[in-house]
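The values are calculated or read from the model by the stated rules, or taken from the named source; none is laboratory data. Just so you know, these numbers come straight off a predicted model, no measurement behind them. Ideal geometry is used to build each Cβ from the backbone, glycine not excepted, and the neighbour counts take in all protein chains shown. Keep in mind that these areas ignore ligands, DNA and RNA; they rest on the heavy atoms of the full protein, side chains included. Shrake-Rupley method; radii C 1.70, N 1.55, O 1.52, S 1.80 Å.
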Amino acid sequence: MKSHKSASSSPKRTAAIAAPVAFLLALVLVLLYDLSFSDRHYYLRIYGASSSASSPVSASSPACDLTRGEWVPDDAEVPYYTNLTCPFVDDHQNCMKFGKPSLEFLRWRWRPDGCELPRFDAARFLDAMRGKSMAFVGDSLARNHFKSLLCLLSKVRTYAVHAVDCFGSCSCSCSPATCVWRSQAAQPVEVGAEPEIDVTGRAVRRDYYFGSHDFTATLFWSPFLVKANLSNATLGMWDVHLDTADARWAAHVADFDHVVLSGTNWFFRPSVYHEGGRAVACNGGVSCGAGNLTTELPVPRALRAAFRTALGAVATNEGFHGKAVVRTVTPTHFENGEWNTGGDCVRTRPYRRGDRAVSAAEYRRAQVEAMRETEAAATRNGTELLLMDITEAMELRPDGHPSRYGHPPGGTVEGSFVVDCLHWCLPGPIDLWNELLFHMLLPQH
């Protein structure tokens with residue numbers, strides 16, 4: 001009997017011990033997730049947000065983190081624009097034009113945990129930007145983001161006098177009653193001199209001016225954010241100066257009220273890293289052999305150094321006292337291979353949170369660390385640093401890429417690859433980035 005009692009009580013003791021241990025392990029995993037992926041200090045919050053679209057908004061409502069949530073079906077709202085209503089959609093992201101089989105990717109909206117994210121209000125955005133200027137700096141994803149904003153803003157209707165008074169002029173000096181106000185789209189006009197074309201064939205700078213609101217939006221091509229030179233075209237190898245901001249954009253920072261910085265993907269190209277005017281490291285493979293270097297610098301560390309330099313160029317510029325936004329890395333969604341080995345992205349629905357591990361967390365962390373290292377200098381100069389943390393939200397959208405539908409059948413996309421699971425369809429999930437930008441720059445709205 002004694003032996004039987006001992007045997008029967010052992011599982012009970014084991015279960016009693018196992019339950020709290022399992023709970024503690026789960027708690028540790030949650031804490032590790034929060035520490036590695038979520039940075040509370042940089043949460044993008046909206047105050048007074050209701051938990052449902054129909055319930056009233058109260059100023060005393062708790063803050064809601066807009067960057068944590070899930071994609072939910074949305075059949076009630078139509079896309080902000082289409083490829084027919086916006087002339088700024090590049091063919092590479094024109095999924096409608098080239099027949100993406102399913103347009104289900106347009107029928108989802110981002111719902112943050114505990115609140116509703118209001119839709120982008122283009123009229124309010126332009127009113128708030130009246131007399132201001134904004135620069136987007138980065139690679140082709142920065143251009144993707146920039147074109148989304150142009151499309152969103154071009155839907156705004158403005159009004160102007162289009163009538164002739166009794167003297168045959170448009171001044172209406174004879175009789176105001178003869179004036180007729182006509183609605184027209186707030187289409188921006190590309191301004192400036194013929195753009196400089198860099199070694200990759202891209203325009204270094206493009207400026208678009210919204211005359212109705214005296215607002216200028218500028219796109220700078222700077223995939224590394226820092227100074228970089230193509231050192232070997234055959235190998236596609238770059239000399240990247242991690243301690244020197246790219247003067248092509250950095251020299252003009254004081255001309256802008258807001259700057260949006262982004263970039264990651266070009267850091268995977270063969271590179272020799274320079275600091276203090278000399279080669280100090282490489283990122284592996286052919287770059288180390290060609291540069292006769294033995295010190296290999298992991299991509300996240302190079303990315304962190306580049307962002308620290310770029311943010312420093314903004315934070316210490318005495319003429320800039322606006323908001324500098326860092327947009328975090330977005331993942332690719334190639335499956336069954338990479339871009340050059342037969343990979344594709346054919347899913348037609350978003351992932352649910354937890355379905356897929358966060359693939360880009362270490363690169364996002366490098367960007368956040370660079371912000372922390374620059375924050376003190378920014379505060380001294382009156383510059384506000386903001387984090388547009390879209391990594392988690394975009395991790396869940398394998399359905400929003402062009403795949404094979406960013407070019408005519410048989411063609412290729414930029415970079416000569418056939419399948420694009422890196423950039424985003426326009427319209428598409430990328431429009432979320434500007435919904436978030438709206439609330440970052442216009443929190444009072």
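Below is a table of values for the structure above.
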{"quantity": "Cβ crowding within 10 Å averaged over residues, with 395-404, 255-264, 65-74 ranked highest first", "calculated": "395-404, 255-264, 65-74"}
{"quantity": "Subset of Lys100/Lys227; Lys97/Lys132; Lys132/Lys155; Lys97/Lys155 violating a 30 Å alpha-carbon distance limit", "calculated": "Lys100/Lys227; Lys97/Lys132"}
{"quantity": "Nitroxide proxy distance, nm - points 7 Å out along Cα→Cβ at Leu235 and Ala279", "calculated": "0.7 nm"}
{"quantity": "Cα pair distances in the stretch 376-416, grouped into 10 Å bins until the bin that holds the longest one, percent each", "calculated": "21, 23, 24, 18, 12, 2"}
{"quantity": "Whole-number accessible area per residue in Å² for the stretch 258-372, which is evaluated in the context of all protein chains at 1.4 Å", "calculated": "45 Å²"}
{"quantity": "Pairwise Cα inverse-distance average, inverted: Kirkwood Rh of the stretch 216-299 (Å)", "calculated": "13.7 Å"}
{"quantity": "Listed peptides 379-389, 299-309 by packing density, highest first (mean Cβ within 10 Å)", "calculated": "299-309, 379-389"}
{"quantity": "Mean projected area in nm² (Cα convex hull; one quarter of hull surface) for the stretch 336-445", "calculated": "9.6 nm²"}
{"quantity": "Accessible-area composition of the stretch 295-420, carbon plus sulfur, in percent [1.4 Å probe]", "calculated": "47 percent"}
{"quantity": "Linear extension gain, Val189 paired with Thr85, 0.36 nm per residue minus alpha-carbon span", "calculated": "35.9 nm"}
{"quantity": "Cα pair distances of the stretch 76-130 binned at 5 Å [whole percent]", "calculated": "4, 13, 18, 20, 20, 14, 8, 2"}
{"quantity": "Relative contact order of the stretch 239-344, pairs being alpha-carbon contacts under 8 Å that are 6 or more residues apart, as %", "calculated": "33 percent"}
{"quantity": "Length-normalised contact order of the stretch 284-370 in % [C-alpha pairs under 8 Å, at least 6 apart]", "calculated": "37 percent"}
{"quantity": "Percent antiparallel among DSSP beta bridges (both partners in the stretch 236-390, rounded to 5)", "calculated": "25 percent"}
{"quantity": "Burial order of peptide ranges 126-132, 365-371, 319-325 (average beta-carbon count within 10 Å, highest first)", "calculated": "365-371, 319-325, 126-132"}
{"quantity": "The stretch 96-155 - Kirkwood radius from inverse mean 1/r over Cα pairs (Å)", "calculated": "14.5 Å"}
